[in-house]
1. Taking the highest mean first, how do the peptides 154-167, 96-109 order by number of other beta carbon atoms within 10 angstrom per residue?
2. Determine, from the Cβ-Cβ distance of ALA59 and THR196 and an R0 of 30 Å, the FRET efficiency 1/(1 + (r/R0)^6), rounded to the nearest 0.05.
3. Along the charge dipole of the chain, pointing to its positive end and built from +1/-1 on Cβ of Lys, Arg, Asp and Glu, which listed residue (ASN131, GLN236, GLY32) has its Cα farthest out?
4. Quick one: pull the percentage of alpha-carbon pairs in the chain with a separation above 32 Å.
5. Would you work out the charge dipole size for the chain about its Cα centre, treating the Cβ of every Lys and Arg as +1 and the Cβ of every Asp and Glu as -1, and quote it to the nearest 20 debye?
6. Want the number for THR114 to LYS210: 0.36 nm per residue separation, take away the alpha-carbon distance, what's left?
7. For the ranges 183-189, 198-204, what's the packing order if you count other beta-carbon atoms within 10 Å of each residue, average per peptide, and put the highest first?
8. With springs connecting C-alpha atoms under 10 Å apart, model the chain as a Gaussian network and identify which of THR172, THR40, THR78 has the largest mean-square fluctuation.
Amino acid sequence: MTLRAGLIPFWLCLGLLPLGAAADTLRIATSGHYPPYYITTPGAATTGMDIDLLGEICARGGYDCVWFEVPTQSLLNTLLTGQADVVAGGIGINADRAAIVDFTCPYYSLVASTGELFLRDPARGPDVATNGAVIAVSGGSLFELAMQREGIKTHAYDTEQDAARAMLAGDTDGYFGSGAVVSGLPGGDSALYIGTYPTITAGPAFAVSKSAPDLLGALNTHLAELSAEGILAELQVRWLGQNQGDVIATCTTTTALS
């Protein structure tokens, strides 16, 4: 299958919209740079898995899709307050989140979901839980929950990039999150990679308000079409490196998955 060209310049526009946007406008909130789902590069168009996937959905659904960025810990609140219609950008399903918002079927199945731990000072060693290290995380993320579950001290920042920059600047001892965020920053190669810790998620999906069942149904319908036609698999290969086939066909309920 061939993906549609030229979608991004037409409908991608960053900026917070007021409440009460037009019905055919799909307001999409994200927490910013988080490869490979949402990638911002100075002087270039925003790219990523979720950009391409929602671009396809917006074209099929006839939506005028507008993206805007907020801190990670404010993401779900944009749905609760009516500022956004969809939350995207690699957001993972878990039970706590599913209690307050609804999720589409996950568009990528994660057998083992993990985050990557980096330390700025190699002398601290890998046992950060017992030597008092403070780890930078994005506030409200599954990465923050994973560190807390392990009893590791954290300091929350607005975004993944902010957290990684804090470690590299020496404001914290380490960072836990996406290794791609660290490697994309100046000085990121100097950070010591320690390993992974598990996060609990059924995979990345799109979140909507529980008061928007029609939108949830429409998104799942478009995901099912894209999955059956092989377009979702193409995007998986392009951005995630693996073709999982008609993954939406195996989705029964997101409640069970969470």
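1. Packing proxy ranking, top to bottom: 154-167, 96-109.
2. Computed FRET efficiency for ALA59 and THR196 comes out at 0.25.
3. ASN131
4. 21
5. 160
6. 31.8 nm
7. Working: 183-189: 13.4, 198-204: 19.9.
By packing density, highest mean first, the sequence is 198-204, 183-189.
8. THR40
Since every read-out is calculated from the coordinates, none of them should be taken as a lab result. All values derive from a computational prediction rather than experimental measurement. All Cβ positions, glycine included, derive from the backbone under ideal geometry; neighbour counts span all protein chains shown.
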